[in-house]
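Only one structure is covered here, and it is reproduced in the block below.
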């Protein structure tokens with residue numbers, strides 16, 4: 001009989017990490033988050049899960065799980081956020097370690113952004129990655145850590161995440177973290193059908209595609225085009241970027257975040273660099289800058305739906321996001337742990353716990369099935 005292992009999710013957000021571990025075979029024990037819409041999203045999709053809105057700083061566990069999952073806030077570390085070493089959210093990891101020391105789960109998983117390796121803890125001067133490792137070790141854990149590029153773990157984006165996996169007292173002989181695929185995952189199998197509006201009856205939740213994107217810098221021309229013209233993915237924001245905003249279906253996307261706006265163009269798509277009028281133009285932040293900006297025009301344009309962003313984070317199509325407005329939902333999706341990566345990490349840890357149960361060496365094979373294959 002297969003052993004049942006349990007998880008408890010801290011700062012669970014929209015549920016990506018917790019869901020991935022469920023798909024890997026773990027039994028859900030509880031999820032918590034401070035954001036009310038994230039809690040409502042999880043409750044909407046998993047009516048049998050125990051979920052609570054709470055503050056990690058005064059949180060306690062009612063029972064000890066096998067695996068304590070923690071997606072602590074990244075805004076204080078991230079290049080897309082404030083990136084201030086004094087940001088109080090940077091200290092929330094200490095409450096994960098406090099709960100680990102108090103309850104001694106067999107495994108602790110902490111997920112965050114790449115900048116943990118360089119940003120330094122103001123109290124000790126050590127990089128946060130090193131500081132977190134030391135504190136987990138002081139609590140009795142054997143710590144593994146690495147940086148994972150999502151496109152080599154079944155996720156169609158180049159997003160990179162810093163992950164700690166800590167085993168109480170000992171890990172199985174020969175243990176290793178998940179091994180990356182040899183080829184990157186492209187967006188084709190995740191977005192092509194939605195871009196071309198194929199097989200969408202009945203409509204998916206959080207998916208209401210509407211052509212007619214309005215922008216002060218990008219132009220929908222209305223010019224005649226053939227219905228057979230391919231719909232292409234386009235970045236609408238961050239127009240000073242060096243990268244061409246027109247992307248390919250056969251490559252992964254850049255990292256999905258809470259700020260960048262993506263969309264689609266069809267028919268007579270043109271992307272060119274232009275010099276911004278910094279004397280008479282609107283929204284001039286630096287009048288002395290001379291950078292050229294990308295401007296896009298096409299017969300028709302539309303922005304991504306929430307479902308399309310969720311596909312890039314490998315959420316299943318029946319996972320419905322709850323919020324008052326677009327920002328509420330986009331924030332949940334952008335901050336989530338990609339589900340397929342979480343599933344693979346969960347499979348890795350499930351195998352490790354099974355090995356510890358049976359006193360055998362770790363033997364996980366690199367090749368793993370994807371949710372989308």
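One table, with the values for the structure above:
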quantity	calculated
Leading residue by the ranking (modelled with the lowest pLDDT) among those in segment 198-222 that are surrounded by 13 or more Cβ atoms within 10 Å (Cβ to Cβ) and out of contact with any strand residue (DSSP E or B) (no Cβ under 9 Å at 6 or more places or on another chain)	200
Positions within segment 185-238 being under 23 Å from the mean Cα position of the chain (by Cα) and in a loop (DSSP other than H, G, I, E, B), in sequence order	185, 186, 187, 204, 205, 206, 207, 208, 209, 236, 237, 238
Condition met for residue 154 (touching a strand residue (DSSP E or B) at 6+ places or on another chain (Cβ under 8 Å), part of a loop (DSSP other than H, G, I, E, B) and at positive phi)	no
Every residue from segment 1-21 that is more than 14 Å from residue 51 (Cα to Cα), modelled with pLDDT of 95 or more and out of contact with any helix residue (DSSP H, G or I) (no Cβ under 8 Å at 6 or more places or on another chain)	6
Residues being surrounded by fewer than 20 Cβ atoms within 10 Å (Cβ to Cβ) and without any contact (Cβ under 8 Å) to a residue 60 or more places away in the chain - total across segment 96-111	4
Selection count where residues are farther than 12 Å from residue 69 by Cβ and either under 17 Å from the mean Cα position of the chain (by Cα) or buried (at least 23 other Cβ atoms within 10 Å of the Cβ) (or both), scope segment 16-36	2
Criterion (touching a helix residue (DSSP H, G or I) at 6+ places or on another chain (Cβ under 8 Å), modelled with pLDDT under 95, surrounded by fewer than 16 Cβ atoms within 10 Å (Cβ to Cβ) and farther than 29 Å from residue 58 by Cβ) met by exactly one of 173, 117	117
Yes/no for residue 267 being surrounded by 16 or more Cβ atoms within 10 Å (Cβ to Cβ), within 30 Å of residue 337 (Cβ to Cβ) and at pLDDT 90 or above	no
Leading residue by the ranking (farthest from residue 352 (Cα to Cα)) among those in segment 112-142 that are assigned to a loop (DSSP other than H, G, I, E, B) and in contact (Cβ under 8 Å) with a residue 12 or more places away in the chain	122
Residue among 255, 259 that alone is surrounded by 18 or more Cβ atoms within 10 Å (Cβ to Cβ), assigned to a loop (DSSP other than H, G, I, E, B), modelled with pLDDT under 95 and on the phi < 0 side of the Ramachandran plot	255
Failed criterion for residue 89 (all others in (1) touching a helix residue (DSSP H, G or I) at 6+ places or on another chain (Cβ under 8 Å); (2) modelled with pLDDT under 95 hold)	(1)
Residues satisfying the stated conditions in segment 59-79, i.e. modelled with pLDDT under 95 and surrounded by fewer than 16 Cβ atoms within 10 Å (Cβ to Cβ)	62, 79
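Listed here are the residues, each with its yes/no results for (1) under 30 Å from residue 169 (Cβ atoms); (2) part of a helix (DSSP H, G or I).
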site: 13; (1), (2): yes, no
site: 22; (1), (2): yes, yes
site: 29; (1), (2): yes, no
site: 32; (1), (2): yes, no
site: 42; (1), (2): no, yes
site: 52; (1), (2): yes, no
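The values are calculated or read from the model by the stated rules, or taken from the named source; none is laboratory data. These figures come from a predicted structure and were not determined experimentally. Every residue, glycine as well, gets a Cβ built from its backbone with ideal geometry; the counts of neighbours run over all protein chains shown.
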